[in-house]
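Report on one structure; see the data block that follows.
The values are calculated or read from the model by the stated rules, or taken from the named source; none is laboratory data. Treat the numbers as computed from the prediction; the structure is a model and nothing was measured. For neighbour counting, all protein chains shown are included, and Cβ atoms are generated from backbone atoms with ideal geometry for every residue, glycine included.
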Amino acid sequence: MSLNKVNSKTDILIIGCGCIGLSTGIVLLKTGKYNVQIWSRDLPPNTTSNKAAALWYPFLCNPPDLVGKWSAETMQYFKDHIIGDPKSGTLIKKVNEIFRREHKEDPEWRPYVQSFRRARKDELPEGYVDGFAVDDGFVMDTDMYMDYLVQTFKSLGGSIEQREVEDIREAFVHYDTVINCTGLGSRELFKDKLIYPSRGQIIVIKNSSERSIMDEEDHIAYVIPRISNTVLGGTNQEHDYNTEPTKQDTEEILKRVAMISPRFAKNRIEIQDVKVGLRPSRHEIRLENEFFEGGSKLVVHNYGHGGSGFTVSWGCALEALRVMEAGIPNLLFYKKQQQPKPQSKL
């Protein structure tokens, strides 16, 4: 169990093997204080994370202040630990968000990202009049990056088991402390009706761009160049559970992206793949402790990251560690209270 010491380490279970679960597991293992196992119904390459465009940029996620903080922490973690390792599939790429109308307000996450600036005129495509820029943004080839996370997690001593959890009490049989990174799975596992799918469809083409470009003013359109291909997107269809690509969405994506640049017109590109993923959307990220079974079991929730899972992943992992370590003393107190009191001698 999590509070039984093995080699002076505490056992922790993480449920979920997407980028959030793996990042959280790696952060815990790096402390040297925990044994960490992951249980998950789906494993890479069959996770939602593998189907993501994986661009660092706060996107479709709340609350803005915490998203800004966690995004900045994630950027710093990438710079310190990941960028530069060819196995990670990560590239530094300038990111531009562009607007067809003047946009006087800076994004709410602006105070947390020192490299933020306004886009120059030469960075704006025809028809666009304003924009944001982050010169030290980055993108990930999701399959490479997810494999990198799995290998890093295992190299630190973590273990992964493909196992679906239908009732959290199944985990409590073996663990006192569980970190919930199930995303949409939390809707059933923890009866959270505030989380819902936002369907995202993307198109993968041959590499054709030097920077990442986003237009989410009236609709979602983005171009994200990666190591061996470029991602065109996208959609944000709330409460839509369809995981199959549709021809209509493909046509709409190509139409919108061609408005950014004629080079992405349908007759000028070669489509390699079309993918669909369901973003775990929520009014705000849930990152907090919840106690069960009279206070004897602890669940740390870390889910609801919407379109910013990769962007906030390491910041949220670090926060999950802090939240968990604040909650564990309550388990120790509970166990102490349950111990039989010594009988007084007459």
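Listing for the model above:
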read-out: Unmet requirement for Gly306, which otherwise passes all of (1) within 17 Å of Gly200 (Cβ to Cβ); (2) surrounded by fewer than 14 Cβ atoms within 10 Å (Cβ to Cβ); (3) not assigned by TED's automatic domain parsing to the domain that holds Asn207; value: (2)
read-out: Some residue of the range 172-181 being in contact with a Cys (Cβ under 7 Å, 6 or more places away or on another chain), crowded, with 21+ Cβ neighbours inside 10 Å and modelled with pLDDT of 95 or more; value: no
read-out: Only one of Ile213, Ile227 that is assigned to a loop (DSSP other than H, G, I, E, B) and modelled with pLDDT under 95; value: Ile227
read-out: Failed item, numbered, when Gly89 is tested on (1) among the small types (Gly, Ala, Ser); (2) over 26 Å from Val150 (Cβ atoms); (3) in contact with an Asp or Glu (Cβ under 6 Å, 6 or more places away or on another chain); value: (2)
read-out: Any hit, the range 285-301, residues being assigned by TED's automatic domain parsing to the domain that holds Tyr222 and more than 17 Å from the chain's Cα centre (by Cα); value: no
read-out: Residues satisfying the stated conditions in the range 52-86, i.e. loosely packed, with under 15 Cβ neighbours inside 10 Å, within 19 Å of the chain's Cα centre (by Cα) and within 26 Å of Val150 (Cβ to Cβ); value: Gln76, Lys79, Asp80, His81
read-out: Every pair of residues 6+ apart whose Cβ atoms lie under 8 Å, when the first sits in the range 251-275 and is farther than 19 Å from Ala52 by Cβ and free of Cβ contacts under 8 Å to residues at least 60 places away in the same chain while the second is part of a helix (DSSP H, G or I) and β-branched (Val, Ile, Thr); value: Phe264/Val257
read-out: Qualifying residue in the range 139-158 (condition: farther than 30 Å from Lys79 by Cα and exposed (fewer than 14 other Cβ atoms within 10 Å of the Cβ)); value: no
